[in-house]
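A short write-up of the structure that comes next.
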Amino acid sequence: MHQLTLAEIARGLADKSFSAEELTRALLQRIHQLDPQLNSFISVTDDLAIAQAQAADARRAAGETGALLGAPIAHKDLFCTLDVRTSCGSKMLDSFKAPYDATVVARLAAAGTVTLGKTNMDEFAMGSANESSHYGAVKNPWNLEHVPGGSSGGSAAAVAARLLPAATGTDTGGSIRQPAALTSLTGLKPTYGRVSRWGMIAYASSLDQGGPMARTAEDCALLLQGMAGFDPKDSTSIDEPVPDYSASLNGSLQGLRIGLPKEYFGAGLDPRIADLVQASVKELEKLGAVIKEISLPNMQHAIPAYYVIAPAEASSNLSRFDGVRFGYRCENPKDLTDLYKRSRGEGFGSEVQRRIMVGTYALSAGYYDAYYLKAQKIRRLIKNDFMAAFEGVDVILGPTTPNLAWKIGAKNADPVAAYLEDVYTITANLAGLPGLSMPAGFVDGLPVGVQLLAPYFQEGRLLNVAHQYQQVTDWHTRAPNGF
């Protein structure tokens, strides 16, 4: 049963081939057996999962239907989950049990999903390798010596290893798409405001967006259907009708205009990845797509702009963790200043401290105009580049990552080298656009992903392209050895 996709599980539950409880117990057993190799879970919620599965079976017995009714998933451990530890991968929140459900958690639970646990992640979503977690690094099931990407690396590794069919992630600068690429998954970052951020512990509020991670575009469509929609509790949520994402999966790609930015294929891209990207382009051409070269001239400024804006917002968002109200508190503080200093110094890891320092500096008097304001102006130029490009193309395609998954620890001494791995993904966050990564092959046994970007609220178009591509390729069906 662990090889089934969400769509296949929905059919199996509808046909009564198995019950939600049988499936849940089988996957929980698999998690307990195999996850010690991967470290992809922070918490496994056995009792909650079995209770939700039994409730789903009862709802089906009463005549209720639904694609997600009884579907087993996991949540990245920054979605608040009632009475379950919500740690953000940090010592700071190791003892925090959320007093409510995030909107994403509540909506998926209402749809009947079964929560198997909370997945490991880079601390406060800051990282591209899932190595900064207080609970240790996550390992890539395709090669246990390599990283799975981050910050949603726990969700990616768990789904890739067939511990469960799908999981939620969040994407601030590529944290769904990059780990999806490095573990051979389909991962979707929706348009900013499409999925509620209420109850999602913030890293950078103007960039964060929750989304689905699964093996297929079809499964991502099902999960996004349950996640998306306006939320009055989130002031950044956009009141835009949610289409039926599954209904558009089978549309023809005849005449679809795909743009290839020349900036994506310069120095820094592994030529073997470039070859697989071009191979995927040829497959899409066979399906009727038309290829055009385009330019995104301000892409070169994306990394420095992002690494001013995101840390600036992080320094503000993380100021609430002070050892007073909740979270980690140091022992025997001498006075209030000592309480603040030691609680934050002991509770936050080195990467989080680094970004808080950078962000506080960028926002400080005398530097705000020189750094933060200038970064926001660059952000607007990047958005304008995309708007101009989408006047001539329907979708933009390119590599998701410049390199293959690297060995655990290989970039620890050089944080900037890890930051550069986000070069193709962060522009979508700066502009607020939807983006998707889909499996496109392997190099030396390690997965490669191709990224698709579309205009605002065109998630259905991305899912359609990926689904059609997955009808003529089998990269998404391959499983890592041993899993």
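The values are calculated or read from the model by the stated rules, or taken from the named source; none is laboratory data. As the structure is a prediction and not an experimental result, all values here were calculated from the model. No Cβ is skipped: glycine too gets one built from the backbone with ideal geometry, and neighbour counts run over all protein chains shown. SASA here: full protein model, heavy atoms, side chains in, ligands and nucleic acids out. Shrake-Rupley method; radii C 1.70, N 1.55, O 1.52, S 1.80 Å.
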Lys411: which aspartates and glutamates have alpha carbons under 14 Å from its alpha carbon, excluding same-chain residues fewer than 8 sequence positions away? Glu131, Glu145, Glu351, Glu421, Asp422
Beta bridges by DSSP in region 6-255, antiparallel share as percent, to the nearest 5: 70 percent
For the chain, the Cα-Cα pair-distance distribution in 10 Å bins from 0, as whole percents, is 4, 22, 33, 27, 11, 3, 0, 0
If ligands, DNA and RNA are left out, what is the accessible area of Lys411 with a 1.4 Å probe, given in Å² to the nearest 10? 50 Å²
Magnitude of the Cβ-charge dipole of region 6-255, K/R +1 and D/E -1, about the Cα centre, nearest 20 debye? 160 debye
With each label point set 7 Å from Cα along the Cα-Cβ vector, what nm distance links Arg380 and Ala410? 4.0 nm
Which peptide among 439-451, 73-85 comes first, and what is the full order, when sorted by highest mean count of other Cβ atoms within 10 Å? 73-85, 439-451
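Using the Kirkwood radius built from alpha carbon pairs, what does the Stokes-Einstein equation give as D for region 203-267 at 10 °C and 1.306 mPa s, in µm² per second?
Values: Rh = 15.1 Å.
The diffusion coefficient I find is 105 µm²/s.
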Straight distance only, please: which aspartates and glutamates reach the Cα of Lys233 with their own Cα at less than 15 Å, same-chain residues fewer than 8 apart left out? Asp101
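May I ask you to list, by number, the DSSP H helices of the chain whose Cα span along the axis is at least 18 Å and whose average Kyte-Doolittle hydropathy reaches 1.6 or more? Show your work: numbers first, answer last.
Values: long enough: 20-38 (26 Å, -0.44); 46-61 (22 Å, -0.35); 271-286 (23 Å, -0.29); 302-317 (22 Å, 0.49); 350-363 (20 Å, 0.09); 374-389 (23 Å, -0.52); 459-472 (20 Å, -0.65).
Passing helices, by number: none.
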In vacuo Debye scattering of region 6-255, one point per C-alpha: log10 I(q)/I(0) at q = 0.11, 0.16 Å⁻¹? -0.51, -1.13
Given the peptides 268-276, 341-349, 462-470, arrange them by the average over their residues of other C-beta atoms within 10 Å, most packed first. 462-470, 341-349, 268-276
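Between Glu240 and Glu8, 0.36 nm times their residue separation minus their Cα-Cα distance comes to what? Before the final figure, lay out each step's value.
Details: separation 232, 0.36 × 232 = 83.52 nm, distance 2.96 nm.
Fully extending the segment from Glu240 to Glu8 adds 80.6 nm.
Explain nothing, just the number: relative contact order of region 416-483, from Cα pairs under 8 Å at least 6 residues apart, as a whole percent.
Details: 57 pairs, mean separation 17.3, N = 68.
Worked out over region 416-483, it gives 25 percent.
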Restraint check, Lys189/Lys383; Lys292/Lys383; Lys76/Lys383; Lys76/Lys341, Cα-Cα greater than 25 Å: Lys76/Lys383; Lys76/Lys341
For Ala431, what is the net charge nearby, where nearby means another residue's Cβ is under 10 Å from its Cβ and Lys, Arg count +1, Asp, Glu -1? +2
Taking Cα centroids, how far is region 421-483 from region 332-379 in Å? 34 Å
Pairs of alpha-carbon atoms within less than 8 angstrom and 6+ residues apart define the contacts here; what relative contact order does region 204-351 have, in percent? 20 percent
Cβ neighbours within 10 Å, averaged per peptide: list 6-18, 42-54, 219-231 in order, most packed at the top. 219-231, 42-54, 6-18
Could you work out what % of the accessible surface of the chain is carbon and sulfur, using a 1.4 angstrom probe and leaving DNA, RNA and ligands out of the count? 52 percent
So, in Å, what gap is there between the alpha-carbon centers of region 152-167 and region 185-260? 18 Å
Between region 70-94 and region 385-415, the Cα center-to-center distance that results, in Å: 28 Å
Report the gain in length on full extension from Ala58 to Glu283: 0.36 nm times residue separation, minus Cα-Cα distance, nm rounded to one decimal. 76.6 nm
So in region 1-131, what percent of DSSP beta bridges are antiparallel if you round to the nearest 5? 55 percent
Would you mind working out the accessible area per residue for region 6-255, using a 1.4 Å probe, and quoting it in Å²? 29 Å²
For region 348-401, the spread of Cα positions along each principal axis, largest first, Å: 43, 27, 11
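Normalising by the residue count of the chain, find the relative contact order in percent from Cα pairs under 8 Å and 6+ residues apart. Write down the numbers at each step before the final one.
Details: 1155 pairs, mean separation 86.8, N = 483.
Dividing the mean separation by the residue count of the chain yields 18 percent.
Summing -39500 (n - 2.57) over the DSSP H runs of n ≥ 4 in the chain and dividing by its residue number, what mean residue ellipticity at 222 nm do you reach, to the nearest 500 deg cm²/dmol? Each step should come with its number before you reach the end.
Details: 15 runs with 177 residues, N = 483.
Estimated from H runs of four or more residues: -11500 deg cm²/dmol.
Give the Kirkwood hydrodynamic radius (Å, one decimal) of region 131-262, defined as one over the mean of 1/r across all pairs of different Cα atoms. Write down the numbers at each step before the final one.
Working: mean 1/r = 0.0634 Å⁻¹.
Here the Kirkwood hydrodynamic radius works out to 15.8 Å.
Whenever you get a sec, line up Lys282, Lys91 from highest to lowest accessible area (probe 1.4 Å, protein heavy atoms).
Ranked list, largest accessible area first: Lys282, Lys91.
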The chain: antiparallel bridges as % of DSSP beta bridges, rounded to 5, reads 70 percent
If you bin every alpha carbon distance in region 289-417 into 10 Å steps from zero, what whole percent lands in each bin? 10, 27, 28, 22, 9, 3, 1
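Using the Cβ atoms and a cut-off under 10 Å, what net charge is assigned to the surroundings of Leu69, where Lys and Arg are +1 and Asp and Glu are -1?
Details: positive: Arg59, Arg60; negative: Asp57, Glu64.
Net charge around Leu69: 0.
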